[in-house]
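The values are calculated or read from the model by the stated rules, or taken from the named source; none is laboratory data. Since we're looking at a predicted model, the values are computed, not measured. Positions of Cβ are generated from backbone atoms using ideal geometry, with glycine treated the same way; all protein chains shown enter the neighbour counts. For the accessible areas, the whole protein counts, side chains as well, though only heavy atoms, and no ligand, DNA or RNA atoms are used. Shrake-Rupley method; radii C 1.70, N 1.55, O 1.52, S 1.80 Å.
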Amino acid sequence: MAEGISFSHYSVMLKECIESLCIKPDGIYVDGTAGGGGHSFEIAKHLTTGRLIAIDQDADAIAAAGERLSVYGDRVTLVRDNFSNLANVCKNLEIEKIDGLLLDLGVSSYQLDTAERGFSYMADAPLDMRMDKRSELDAWKVVNTYSEAELKRILYEYGEERFSGRIARVIVETRTKHSIDTTGELVHVIVSAIPAGAREGGSHPAKRSFQAIRIEVNKELSVIAPAIDSAVKLLNQGGRLAILTFHSLEDRLVKQTFAAAAKGCTCPRNFPVCVCGNKPKLKIITNKPLLPSEEELAQNSRSHSAKLRVAEKV
């Protein structure tokens with residue numbers, strides 16, 4: 001962990017997450033995004049003979065969570081990995097079934113506020129944005145090696161950036177003269193590509209592009225559905241799956257994947273009887289997502305976009 005920096009991450013919707021998991025004292029639970037260990041700490045607090053597996057791909061997070069959770073001894077097992085590898089993590093730990101999984105898909109305050117991690121458009125730092133520093137793909141490679149068409153697609157699909165074409169074009173034009181090496185240089189390029197009138201008011205003009213590049217670097221969207229599918233297979237009957245999302249793309253994916261697992265029969269509507277034999281695997285607990293309380297919003301403005309969806313194994 002960077003010297004002199006403590007891993008800080010506000011545990012968004014902590015009360016709602018813990019209540020949604022319906023924790024059994026002797027159950028086996030997984031926090032797939034341990035971060036600084038806030039949610040993990042509360043889960044472990046509810047266990048007696050049970051066990052918590054705390055997973056995170058960020059080495060700094062694992063170090064911080066390990067320190068915070070040390071009071072629970074062998075009740076907690078820490079694993080540095082991506083939650084998309086949930087099945088392998090459980091297999092390696094000889095765990096056949098679990099009673100609950102929590103995923104917090106947000107970027108931690110530590111990652112955002114530590115300039116050298118390269119996540120923030122508010123500070124100048126090397127272009128990085130990797131949650132797992134073992135990954136070969138970083139923001140520098142995305143910005144400096146992706147084609148104009150690929151950059152435009154990523155900015156539009158992952159950032160919902162309406163000026164994606166202009167930004168992609170200016171990035172490519174700039175890098176023909178010199179590489180774009182820092183977050184500050186990238187911000188300058190993005191701002192120069194956006195019409196002056198569109199830069200006034202609202203959020204920072206680089207916000208959407210930085211989100212898009214971060215999602216591409218960490219493959220954040222592509223791991224959601226496989227992780228849910230793995231969790232469904234691992235959960236005991238009555239086990240809960242609680243997922244916190246922070247933007248519409250994530251929330252839509254979680255909603256759609258939950259719905260598919262809860263649907264059961266996939267036969268055409270005009271079939272008189274079911275021939276596929278598919279049964280519902282999940283029961284959706286939150287038809288509409290839970291949102292942060294007014295009290296929480298007052299304490300932590302970064303909670304404002306949070307949505308919590310919960311489903312139960314049937």
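Among 227-234, 71-78, what's the highest-first ranking by average C-beta atoms within 10 angstrom per residue?
227-234, 71-78
Any chance you could run the full-extension gain for residue 87 through residue 70? It's 0.36 nm times the residue separation minus the Cα-Cα distance, nm to one decimal.
Values: separation 17, 0.36 × 17 = 6.12 nm, distance 2.48 nm.
Extra length available between residue 87 and residue 70 comes to 3.6 nm.
In region 149-234, which GluC sites (Glu not before Pro) are in a loop and have at most 12 other Cβ atoms within 10 Å, using DSSP for the loop call? Could you put the intermediate results ahead of the total?
On the way: sites: 150, 157, 160, 161, 173, 185, 200, 216, 220; in loops: 160, 161, 200, 220.
Within region 149-234, the qualifying GluC sites (Glu not before Pro) (loop, at most 12 other Cβ atoms within 10 Å) are 200.
For region 81-191, what does the alpha-carbon gyration tensor say about shape, rounded, prolate or oblate, given a ≥ b ≥ c as the root eigenvalues, a/c under 1.5 as rounded, and a/b over b/c as prolate?
Prolate shape, in that a/c is at least 1.5 and a/b is the bigger ratio.
Would you mind getting the accessible area per residue of the chain, heavy atoms of the protein chains only, 1.4 Å probe, in Å²?
Accessible area per residue: 48 Å².
Shape of region 25-111 from its Cα gyration tensor (a ≥ b ≥ c, root eigenvalues): rounded if a/c is under 1.5, otherwise prolate when a/b > b/c, or oblate?
Working: a/c = 1.67, a/b = 1.20, b/c = 1.39.
Verdict is oblate for region 25-111.
Would you mind working out the magnitude of the charge dipole of region 120-252 relative to its Cα centre, with +1 at each Lys and Arg C-beta and -1 at each Asp and Glu C-beta, to the nearest 20 Debye?
Approximately 140 debye in magnitude.
Using the Cα centre of the chain as the reference point, and only Cβ charges (+1 on K/R, -1 on D/E), how large is the resulting charge dipole? Debye, rounded to the nearest 20.
Dipole about the Cα centre, nearest 20: 1300 debye.
I'm a student and want to see the number: the projected area of the Cα convex hull of region 180-253, averaged over all directions, in nm².
6.8
How compact is region 217-285 by the rule of thumb for globular proteins, expressed as Cα Rg over 2.2 N^0.38 Å?
1.27
Residue farthest toward the positive end of the dipole of the chain, with Cβ of Lys/Arg at +1 and Asp/Glu at -1: which of 13, 273, 101?
It is 273.
Tabulate in residue order the Karplus-calculated ³J(HN,Hα) for region 169-174, using 6.51 cos²θ - 1.76 cosθ + 1.60 with θ = phi - 60°, rounded to whole Hz; enter x for Gly and Pro.
Ordered by residue, 3J(HN,Hα) equals 5, 5, 4, 5, 4, 5 Hz.
Looking at the calculated P(r) for the chain, what percent of the C-alpha pair distances fall above 34 Å?
In whole percent, the long-distance tail amounts to 28.
Report the rotationally averaged projected area of region 1-148 based on its alpha-carbon convex hull, in square nanometres. Before the final figure, lay out the partial values.
Working: hull surface 40.8 nm².
Seen from a random direction, the Cα hull of region 1-148 projects 10.2 nm² on average.
Taking R0 as 35 Å, what's the FRET efficiency between residue 14 and residue 276 from their Cβ-Cβ distance, rounded to 0.05?
In this case the efficiency is close to 0.30.
Return the carbon/sulfur percentage of the accessible area of the chain, one whole number, probe 1.4 Å, all protein chains in place. Write down the numbers at each step before the final one.
Working: 7620 of 15200 Å².
Its accessible area is 50 percent carbon and sulfur atoms.
Under a Cβ-only charge scheme (Lys and Arg +1, Asp and Glu -1), can you give me the dipole magnitude of region 61-122 about the Cα centre, in debye to the nearest 20? Could you put the intermediate results ahead of the total?
Values: 6 positive and 9 negative charges, 7 e Å.
The calculated dipole for region 61-122 is roughly 40 debye.
When the chain is fully extended, how far beyond the present Cα-Cα distance does residue 133 get from residue 162, taking 0.36 nm per residue of separation? Present the calculation step by step, with values, prior to reporting the outcome.
Numbers: separation 29, 0.36 × 29 = 10.44 nm, distance 3.05 nm.
Answer, rounded to one decimal: 7.4 nm.
Regarding region 252-314, what's the average projected area of the Cα-atom convex hull, expressed in nm²?
Directional mean of the projected Cα hull area for region 252-314 stands at 5.5 nm².
What shape does region 144-226 take by its C-alpha gyration tensor, where a ≥ b ≥ c are the square roots of the eigenvalues and a/c under 1.5 counts as rounded, a/b above b/c as prolate, and the rest as oblate?
Note, shape of region 144-226 comes out oblate.
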